[in-house]
Amino acid sequence: MGVKIANALGAHVTLFTTSSSKVDDGRRLGAHEVCLSTNPADMARYTNRLDFILNTVAAPHNLDAYLSLLKRDGTMTLVGAPAEPHPSPGVFNLIFKRRQLAGSLIGGVRETQEMLDFCAQHNVLSDIEPIPIDYINTAYERMLRNDVKYRFVIDMTTLN
Amino acid sequence: MTTSKAYAAVNAQSPLCPHEIHRRDPGPEDVTIRILHCGVCHSDLHTARNEWKNTIYPCVPGHEIVGRVTAVGRAVKNFRAGDLAGVGCMVDSCGHCASCQDGEEQYCENGFTGTYNGPVFGGDNT
Ligand SMILES: [Zn+2]
């Protein structure tokens, strides 16, 4: 959804992914470029190039690898919440480009309605994998294995 | 009190299993919905397994909810029975702190009430 909304807002969007299987999907979702983050040469192409990074990763990882992709005055905002902290980023990486590392929570009721209205207006829809509720524990295991492309959505009529 | 069907984790190791939960009676500002769909967020998994060390068991995770309104309290103006309604991560906040006054109730200084695993102002946990 981040990719779709960023595209609808008019941004030039680059998707960073660890899995090559998501490259084609990323383009279909509206990414103008897709970078395979496990490939150092691919990552290096973006050094000092990005205005903003929306970091949705919910596992501890090396933030410097992404901070160094920001332009001067660029911001990386963390919205994923890992159970263990990320390794602390290098300060040089921040001060020499006046970069910012930030965090953000969900929207409030007003912002959430605004987001829904924006999505309705721009026909931004979620891609989902519908599941019955008795599949939930398998869905969790698949999330842990990174074996999920789209949001699992439980059809609650299957709860009897 | 209302009894609802759910899938709950009873401890950090247990898979989610069928479970019955009790909800307080809806108040004048409350909207009652029949849940149709619910998205699965990684927060659900973190919470079910107590990975943030704050889970209240039994825990019924799920906070990307779409439902159909079945009843509304007498003070409710924006919803009527039959409407579609969505519920996100948050179902209440104090309403009077600086963040709430600014319309940024997700940053409620008294702690917003999560859709699950949250303390309710004057009630049981969500
Ligand atoms: Zn407040």
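The values are calculated or read from the model by the stated rules, or taken from the named source; none is laboratory data. What you are looking at is a predicted structure, and each value in this text was computed from that prediction instead of being measured. Positions of Cβ are generated from backbone atoms using ideal geometry, with glycine treated the same way; all protein chains shown enter the neighbour counts. Please note that ligands, DNA and RNA were not included when accessible areas were found on the heavy atoms of the full protein model with its side chains. Shrake-Rupley method; radii C 1.70, N 1.55, O 1.52, S 1.80 Å.
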Check: Antiparallel DSSP bridges in the protein assembly as shown: what percent, to the nearest 5?
Finding: 60 percent
Item checked: Exercise: per-residue mean of other protein chain Cβ atoms within 10 Å, A:102-114 -> 4
Checklist line | Within the accessible area of the stretch B:2-87 (1.4 Å probe), percent carbon and sulfur | finding: 52 percent
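Just the accessible area per residue of chain A, please: how many Å² with a 1.4 Å probe?
Numbers: 9450 Å² over 160 residues.
For chain A, the per-residue accessible area is 59 Å².
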Margin query: On C-alpha positions alone, give me the angle between the axis of helix A:109-121 and the longest principal axis of chain A, in degrees, nearest 10.
Written below: 80 degrees
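Summing -39500 (n - 2.57) over the DSSP H runs of n ≥ 4 in the protein assembly as shown and dividing by its residue number, what mean residue ellipticity at 222 nm do you reach, to the nearest 500 deg cm²/dmol?
-5000 deg cm²/dmol
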Next item on the list: Give the accessible surface of chain B per residue, rounded to a whole number of Å², with probe radius 1.4 Å and ligands, DNA and RNA excluded.
Entry: 57 Å²
Next item on the list: May I ask for the accessible area buried between chains A and B, both sides summed, probe 1.4 Å, to the nearest 100 Å²?
Entry: 2600 Å²
